[in-house]
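Step one of this worksheet: look at the structure below.
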Amino acid sequence: MEFVSPNPFTSFVFYIFIACAIIIIAYTCNFYYLAFLSGRRKENQNTVSIGEPTVTIHLPIYNEKYVTKRLINSVCDLDYPKEKLCIMVLDDSDDNTTEQIAQG
């Protein structure tokens, strides 16, 4: 029986398949190696308590003259330290809502 040379395209696809298989095996081994190392790690990272973060609340308002005062009062009544709370009223109204906010 005589030897038949393989198709060049088939050989190319086979070599690409082998290369991809080697890369996937290397990636999997690396994953398990890193998992093993992280399990052996004995460092304890202490966290520092910084308290509550500063929070900014944006209140977008557009022609909400009947809701604006209640909205701002309810946000001001939140159970959060007042020195860490910033309230920004974003008003783009074309009625008298802006005057109502300024008065209240």
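Summary of values
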| read-out | value |
| --- | --- |
| Of residues in segment 38-67 being assigned to a loop (DSSP other than H, G, I, E, B) and among the β-branched types (V, I, T), the one farthest from the chain's Cα centre (by Cα) | V67 |
| Search result, residues across segment 68-96 that are in a loop (DSSP other than H, G, I, E, B) and among the small types (G, A, S) | S93 |
| Top-ranked residue of segment 12-62 - restricted to ones that are within 30 Å of L78 (Cβ to Cβ) and not β-branched (V, I, T), ranked as surrounded by the fewest Cβ atoms within 10 Å (Cβ to Cβ) | S49 |
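Conditions (1) in contact with a strand residue (DSSP E or B) (Cβ under 9 Å, 6 or more places away or on another chain); (2) under 30 Å from Q100 (Cα atoms); (3) of a type in the set (D, E, K, R), marked per residue:
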| residue | (1), (2), (3) |
| --- | --- |
| A19 | no, no, no |
| L34 | no, no, no |
| S38 | no, no, no |
| T47 | no, no, no |
| I50 | no, no, no |
| P53 | no, no, no |
| R70 | no, yes, yes |
| K84 | yes, yes, yes |
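So that you can scan it fast, the table gives a plain yes or no per residue for (1) out of contact with any His (no Cβ under 7 Å at 6 or more places or on another chain); (2) in the same structural domain as L78 (by TED's automatic domain parsing); (3) at pLDDT 90 or above; (4) over 22 Å from I87 (Cβ atoms):
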| position | (1), (2), (3), (4) |
| --- | --- |
| E2 | yes, no, no, yes |
| P6 | yes, no, no, yes |
| F9 | yes, no, yes, yes |
| F12 | yes, no, yes, yes |
| A21 | yes, no, yes, yes |
| I25 | yes, no, yes, yes |
| V48 | yes, no, no, yes |
| I61 | yes, yes, no, no |
| Y66 | yes, yes, no, no |
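The values are calculated or read from the model by the stated rules, or taken from the named source; none is laboratory data. A quick note: this is a predicted structure, and the numbers were derived from the prediction, not measured. Please note: Cβ atoms are built from the backbone with ideal geometry, for glycine as well, and neighbour counts cover all protein chains shown.
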